[in-house]
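A quick write-up on the structure given underneath.
The values are calculated or read from the model by the stated rules, or taken from the named source; none is laboratory data. These numbers were taken from a predicted model, which means no experiment stands behind them. Please note: Cβ atoms are built from the backbone with ideal geometry, for glycine as well, and neighbour counts cover all protein chains shown.
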Amino acid sequence: MAEPNGDGQKSALILFGPPGSGKGTQARLLKECLTIPHISTGDMLRERMQTGDDLGHVIRRLLDQGELVTDELVNRMVEDRIQRADCAAGFILDGYPRTLGQAGTMTRRLAARGFGWTVVHLKVDYNKIIARLAGRRQCSQCATVFNLVSSPPKRENVCDACGSRLVIRDDDSESVIRRRLEGYEEQTRPLLNFFSGEGCPFYEVDGVDDAPPAIARRICNLVRPGLLS
Ligand code: AMP
């Protein structure tokens, strides 16, 4: 059986929570504080679909409908990514694992490489998620996320980080958001039981009760002692 994290062990931080709970924003902030890379399967899939080949079209259709892509595809993408040298000391997983199948594969692979893992569950009320995702804008180039209500860009529709145009993601329409939340309830939420059975360090943090940098500081203080020696 796979071994969860112990103190000072090289380790993965799994950011867990429904779509719109702030996983991506938190992962980008935590990457600075923990100095380990941020791996977002959603960003990897959006990048992959830009190629416009057959697989790219399949990915686009699933994402536009708010459906998950296959475990096989994301497992392979993550496996390839975590083999790179920058992941040697640890990394942040955002949006992965999302099914029990992915969680089983991931924990076996991490354990085989001598990694532990820590889970942070970002909890958010669904009504707040729907309001939040409707105001979300993402940079078309560097993927930085803004929110028209809670963290607006300095110039309308322009990314503060790289100056590129901001876009509304196709999967942020209300009907697709509801589909994604249903999918989360059916396929992803059951992972909470899986993780509690694993005995890994597990923290619950409110994803909206404070400004994103303050939430990130709280998470960083919680996880840093166990993640990095
Ligand atoms: P995200 O940016 O994490 O909200 O992901 C956007 C979309 O990418 C999701 O709604 C899914 O369609 C797909 N996706 C991202 N990560 C996964 C995953 N681990 N398993 C399956 N599909 C995923």
Counting only residues in segment 203-217 that are out of contact with any Lys or Arg (no Cβ under 8 Å at 6 or more places or on another chain) and in a loop (DSSP other than H, G, I, E, B), the one modelled with the lowest pLDDT is identified as ASP209
Filter pass, VAL119 being under 20 Å from LYS31 (Cα atoms), touching a residue at least 12 places away in the same chain (Cβ under 8 Å) and away from the ligand (no atom under 14 Å from the Cβ): yes
All conditions in (1) near the ligand (Cβ under 10 Å from one of its atoms); (2) farther than 14 Å from GLY95 by Cβ are true of GLY42 except (2)
Would you confirm, using the coordinates I've provided, whether PHE91 is within 12 Å of the ligand (Cβ to nearest atom) and closer than 28 Å to ALA161 by Cα? no
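Yes or no, residue by residue, for (1) more than 23 Å from ILE177 (Cβ to Cβ); (2) of a type in the set (Lys, Arg); (3) within 15 Å of the ligand (Cβ to nearest atom):
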| position | (1), (2), (3) |
| --- | --- |
| LEU55 | yes, no, yes |
| ILE59 | no, no, yes |
| GLU67 | no, no, yes |
| VAL78 | yes, no, yes |
| CYS87 | yes, no, no |
Given the conditions (1) closer than 27 Å to VAL149 by Cα; (2) within 15 Å of the ligand (Cβ to nearest atom); (3) without any contact (Cβ under 8 Å) to a residue 40 or more places away in the chain, which single one is not true for GLU32? (2)
